[in-house]
Each structure stands twice: as C-alpha cells, then as structure tokens.
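This report concerns only the one structure given below.
The values are calculated or read from the model by the stated rules, or taken from the named source; none is laboratory data. Just so you know, these numbers come straight off a predicted model, no measurement behind them. Note that we place each Cβ from the backbone using ideal geometry, even for glycine, and neighbour counts take in every protein chain shown. Calculation scope for accessible area: heavy atoms of the full protein, side chains included, ligands and nucleic acids excluded. Shrake-Rupley method; radii C 1.70, N 1.55, O 1.52, S 1.80 Å.
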Amino acid sequence: MIRSPMKNESCCLGNRLRMIPVQILRLFFVCLPFLFVVNVHAEDSITSYKLDEVMVETSLASFGNDHYTSGVTMLLPKESLENRSSSSLADLTTSYTPFFLKETGNGMLSTMAMRGTSASHTKVCWNGLPVNSLTMGQTDFSLLPVFFFDDVAFHPGGECSVHGNGAIGGAVSLTDDVRFDDSSELDVKSSVASYGTIFEGAKFSVANKRIASKTSAFFRRSENDFSFTYSNEEHRQKNAQFYDYGVMQNLGYSLSERQRLFFRFWHTFYDREIQPMKQMNDDENRYESISNQSTRVLADYENFLLVVLKVRIGWMKDKQLYESHKIATDDWLGQFSAERDWFENRRIEFRTKAGTDVHYIVPDVYAYLKDAEETRTSVYFLSKVGFASRVWLSANFRKEFITELSSPCTPSVSVSCLAVSSDKQKVTVNTGASRNANAPSLNSRYWGSIDNHDLKSECAVNVEMNGLYEFNLNGYSLSVQPSMYRNDVKDWILWMPRGNIWKPINIDRVLAKGFELNINQCYMERNTSHAVNFSYSYNHTEVKKGFSQMKPFVGRQIALLPEHTLSAYLLGKVGNTSYQITCRYVGERTTSDVFEKMDAYWLLNVSAEYAWRFKNEKNVNVLTVGASANNLLGTVYEVMPFRAMPKQNFSIFARYTARKQLH
C-alpha cells in the first residue's frame, strides 16, 4: 500500500484546535440562509402526530439500483445509528456487522475488506454518489460521520453492473432523508467519553408540501490518550489526538407532484495525529499528523412521468495535507438515467433502467506527472422481469470508458424464486453470477516517475447463492439468511517494493470464497420490543498464481484478513427505557510474515438510555439521557500489527428532540 511521505508536524494540531469555533461558525452561517427560504404556510393540515409513526417522504426513486439485484442487503436498524451517532462509520460497522475493517489505531485510518477482498474493492455511495478516494481508490470509514445519515445499508457481493466500477467485494449505501411533511424538527446531541472525547451535534429541518430544508452540523474532538501494555509495561498513548467537524445542507423543492429539485452540500474536515506503533510511542522524531478535507455539492432533478427521468450534476473536492505535500482531486460529474415499469398487471412485471455517469477528474498531487487529468464514463442497462410475483429474472450490463485504459464490460444475471408463501412464512431462493471490474486508482496510474502503462484493470467473476426464510406470528418475527459465494479475481493490484520504490503490480489470480449467515429475531408487544441479530462470516482468500515474490503466499490466507468474523447484538425497549448489547469476534490473522499470527479477540459493548416524552396534538418533545461502556471485558487486542487499541472506555450523552406539526 502506498502513502505520501510523512514528517513531524509539531504544534499543528494545537493551532488548528484554536481555529475550530470560527471555522464551524463560518460553515454554519453559509448554510443558515437556506433555513429561511422555506415558506412554512402549508395548504393542508394534519390533526394528529406521533413521533414513532412519521411518514417520511423522500425522493420517490433514488439513484440507487438495489432492486435490480437478488444479492444480500443488510440494512442497519435505526436504533444502531442513533446509538452510534456521535462516532464514525468505522465504529458503527465494527459494532453491528461481521465485516472486517483494517483499523490502524483508535480513530485512525479504517478501510473495509468485504468478503475477503481489498479496501479498493468496496464501493461506498452517498445518495448514489461514489465517495471513494480517487487517488487511493478506497474509503476511510473513520472520516464518515454517522450523525449525517438516516440509513446505512451493506451489500456484500460483487455486482458492478448495479453498483458501478470497483464493487468487486460489495458496496455500502449511505442516505439521508428530505421530508415534505408540514413540520419542523430540532435534534441536538451532546456526549462526553473517555480519553477527553467530546461530541456536539445539531440538526434542524423545516418543510411544507412544496419546500423542505434540513441542516446538520457536528464537532468532535478526542485527546485519545488511552493506556496500553507493551513489553509488560503500561504506557499512555501519545500523538493520537484528533478532531473533526462538518456541515451538511439538504434543500428540496417540489415543482409539482411529479417534478422535484434537490440541492445537497456536504463539507467535512478531519485533522489527526497519526498513532505510532507501540514500540515508537515515545520517539518524538517519529510523530506525524495529517488532515483531510472533503466538499461535495450536488443538484438533482427528478421527473416522475411515464418514464422516471433523473438528472444530476455535481462537484466534489478531496484534499489531504501533510506538511507542504498536497494530495487533492476535483471531480466534475454528471449523471442521467431513465427508468420505466412496462407492465402494470399482476402476472407480469417488467422494469428497465438505462443511464450514464460521466466524471472529469483533475488531480493536484505533488508526486504526479503533469497532465494526469482523467475522464471516466460508464453506460449501463438494467432489467428485471417478474412472473406471478413468484419468479424474478434480472439481466444487467455496464461498460466503463477510461482515459487511455481498457476496462472490461461487467454483465450480471440473477434469478429469484419465492418457493413458499403463506400468511405466516416465506422462503425465497436466489442465485446469480456477475463479471466485475476495478480500474486502477490515480495513484496506481500516475504516482511518481514509475511507468505503469502496462497495469491492467482488475477483473473478477463472482457466483453466489443465498436464501431467505421469514416467519411472522403475533408480534414475533424471524428471518434466516444463509449465503455462499465464490469470487475469482484476475490481475489483483498490489503495491510491492521494487528496489527503493513501491510499485503497483498485477497478481495473476486470487480466489475468495466463503459462507455467511444472518439470523434476526424480533418480538413486539405494546410498549415492549426486543430484537436479536446474529451474523457470521467465513472468508477464505488465497493467491492461486502470482509473481515470484508471492510464492510464500500461494495457497495461504492473505495476510491481515481473518477467516472467521462474527457479530451479535440485542436491542430492547421497555416503556421509556432502551438498552443495547453488542458482541464481536475476529479470528486469527497472519501478518506480512505468513508464519506469524495475530491473536483472535472478543469485544463486548453495552449501553442504556431513558427518554422523557412530552407531547400534545401537534408537538412532541423528547429528552433522552444514556450511557455506554465499550470493550467491557477489557480485551487487549490489535487489529493491525503493533497498533494499540483502548481497553474499557465509557461515555454519557444527552439528546433533545423537538418536533412540531405546523398545520
């Protein structure tokens, strides 16, 4: 893996911390005018309202294509997002899913290895827009604040025809709601946690039937000075503090019942000291720090007539700074799609969607050769046909065109059959096959003076089968979803040392295969509900054929990836009291030395909260206080070699929500 050169940046973090209040105020007031654009006089009125039964009216058809695949989708419960809203997507993922994240320390770089693939094989999208780093090709989950998102969904399994280039291992969808519901809502949260960690966040939304606005802002800071054991001695973690803040603005305008406009703005800034390895904790000459800044601006138009038309234009800028070294990209994009349901009778359902995505990328990277601009254009066609609401067939196709690079076409086919259907239970069987591709990142193509003209796009063939059993009876529900897959990847890209430089090289063939099991149970009765989830993942990834330096890895599990991971959680609510218990297991991994193993570990987290509700016909006010304990067992563990992780740590929070029906 390549990274930019790094040196010590003393006093940088302290100076930036003093600038935080001014920066946050500037960003918030940039977005503040949008709040006052809204005309709160609605034509219709609603006479009653319950907080737990909100009718959320968002974009009638998002830019996502999930319904054209029969693959597995894991949608996290709302309670999990609320519980972890003061943390990052990395913390949310490791608490509630079996997917493995390579974390280089607490609050540090965190990348996902979905289904035994690499970090660049997971596609992450925000409202249908890819947010993967264009330079590295991967996503740092520690940079994504949970506070901004209303839904988080995971899609394990490669299907680039649906999710786009790079989704060899799977995809992650992040969405946020825009409501046209004649209401206003204020949501404020404040939390304090171990190691000098604080979080402050606020959301405000207001809407009528025509215009909707939602503004969110947050700030988080941590000294991150936890203790750890090394060489039988206790140490205090140094050079690991971080802070981040962000603002998101969503503005929607309904031109008519069938036409809508959306404007979206998202800006985040993250500054952190880079947590050193344990053995270098006291060596100030090795201390490093880095900052990341991202800005995304989108404008969407949607027309829901006989054909659903969607048009999007946008601009994204990512910038990473280390001393005088800058790694930045500007991405100008356009998206267009047309979708139609061709039959409305119940015997035959037929839906198609066609579209194109265009990205013009201008990098500004100190280590690139000049004239590294790149254009990436993809065209796709998706189709799904259903027979008697029991059998569905999907056939999809996507082709990517990239400046001076050949990228293979990515077709996919899938079949879904409702084998059993009754009032109480259903059994669905799904199978599919897809060809997937991942184009080399900008770093892989243009970094330094290395000649990478012969570097190929990664190409994979994925075959999988999954089933779903559902049972419902008198407030009790059960779902069991097993799946198995085989993902054969050719020309896997890996950075390897070549003399005194690192160079990306294609590995001839890597095979990933595995099995997953997800079990979910829920029981509800009046003011009581309990939900239990169990998720297990077995992923075996090995090099089948490679260059000479890969011979020690042939036939062995790829380094740093566990074969076994497991997560389980219990969510409960009794009256105004809620609780959560989460458990995670990560199996043994090898280091870069295939004969050296890292220990498996268990993590246990618990939390509880109490809510006071005050409501009348049109207003609901909720005050919630809670506390949580993470790593309750005090497990000593490492996710990556020699990177310390905290033992027991605690947090308390208070949250106030006020929702008012305007008419």
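Ligands, DNA and RNA left out, the 1.4 Å accessible surface of segment 341-437 is 59% carbon and sulfur atoms.
Against the empirical curve 2.2 N^0.38 Å, the C-alpha radius of gyration of segment 72-126 lands at a ratio of 1.14. Charge tally around residue 163: other residues with Cβ under 13 Å, Lys/Arg +1 each, Asp/Glu -1 each, net -2. Scaling the Cα radius of gyration of segment 552-663 by the globular reference 2.2 N^0.38 Å produces a ratio of 1.60.
Dividing the Cα radius of gyration by the Kirkwood radius, what Rg/Rh value follows for the chain? Here the Rg-to-Rh quotient is 0.94.
Between the C-alpha center of segment 309-334 and that of segment 177-227 there is a gap of 24 Å. Working from label points 7 Å from Cα in the Cα-to-Cβ sense, the residue 544 to residue 570 distance is 4.4 nm. Pairs exceeding a 25 Å alpha-carbon distance, out of 399/551; 78/615; 214/317: 399/551. Could you please report the charge total around residue 270, scoring K, R as +1 and D, E as -1 over all other residues with beta-carbon less than 10 angstrom from its beta-carbon? Neighbour charge sum, excluding residue 270 itself: -1.
Counting every C-alpha pair in segment 415-460, the share spaced more than 14 angstrom apart comes to 67%.
On a per residue basis, the chain carries 44 Å² of accessible surface, using protein heavy atoms and a 1.4 Å probe. Both radii come from the Cα set of segment 299-368: Rg as radius of gyration, Rh as Kirkwood radius; their ratio Rg/Rh reads 1.29.
Ranking of 618, 214 by solvent-accessible surface, largest first: 618, 214 (1.4 Å probe, protein heavy atoms only, all chains present). Surface composition of segment 148-267: carbon plus sulfur atoms hold 49% of the accessible area, using a 1.4 angstrom probe and ignoring ligands, DNA and RNA. With all protein chains in place and a 1.4 Å probe, the accessible surface of segment 463-583 carries 59 percent carbon and sulfur.
The length gained on full extension between residue 286 and residue 581, counted as 0.36 nm times the residue separation minus their Cα-Cα distance, comes to 102.4 nm.
Binned at 5 Å from 0, what are the whole-percent values of the Cα-Cα distance distribution for segment 252-349, short to long? Bin by bin from 0 Å, the calculated values are 3, 10, 13, 12, 11, 10, 9, 8, 7, 6, 5, 4, 3, 1, 0.
The 1.4 Å probe gives accessible areas that order 228, 534, 265, 387, largest first, as 387, 534, 265, 228. Put a dot 7 Å past the Cα of residue 299, heading toward its Cβ, do the same for residue 471, and the two dots end up 5.5 nm apart. Over segment 148-198, the reciprocal of the mean inverse Cα-Cα separation, the Kirkwood hydrodynamic radius, stands at 14.7 Å. Helical content alone sets the calculated 222 nm signal of the chain at -2000 deg cm²/dmol, taking -39,500 (n - 2.57) per DSSP H segment of four or more residues and averaging over every residue. Within segment 405-511, the ratio Rg/Rh, alpha carbon atoms throughout and Rh by Kirkwood, equals 1.24.
Note on residue 185: accessible area is roughly 30 Å² with a 1.4 Å probe, heavy atoms of protein only.
In the assembled protein chains, residue 101 presents an accessible area of approximately 0 Å² (probe radius 1.4 Å). Converting the Cα gyration tensor eigenvalues of segment 174-323 into ellipsoid dimensions via √(5λ) gives semi-axes, longest first, of 43, 18, 11 Å. The Cβ shell under 15 Å around residue 377 holds other residues with a net charge of -2, Lys and Arg each +1, Asp and Glu each -1.
Of 456/513; 456/544; 238/597; 319/370, which sit over 20 Å apart, Cα to Cα? Going by Cα-Cα distance, 456/513; 238/597 fall outside the 20 Å limit.
Taking the Cα centre of the chain as reference, the dipole from Cβ charges on Lys and Arg (+1) and Asp and Glu (-1) amounts to some 600 debye. When every Cα-Cα distance of segment 341-401 is counted in 5 angstrom steps from zero, the calculated P(r) takes the values 4, 15, 17, 12, 11, 9, 8, 7, 5, 5, 4, 2 percent. Reported to the nearest whole Å, the Cα centre-to-centre distance from segment 552-626 to segment 229-245 is 22. Taking all protein chains as they are arranged and a probe of 1.4 Å, the heavy atoms of residue 393 leave approximately 70 Å² accessible to solvent.
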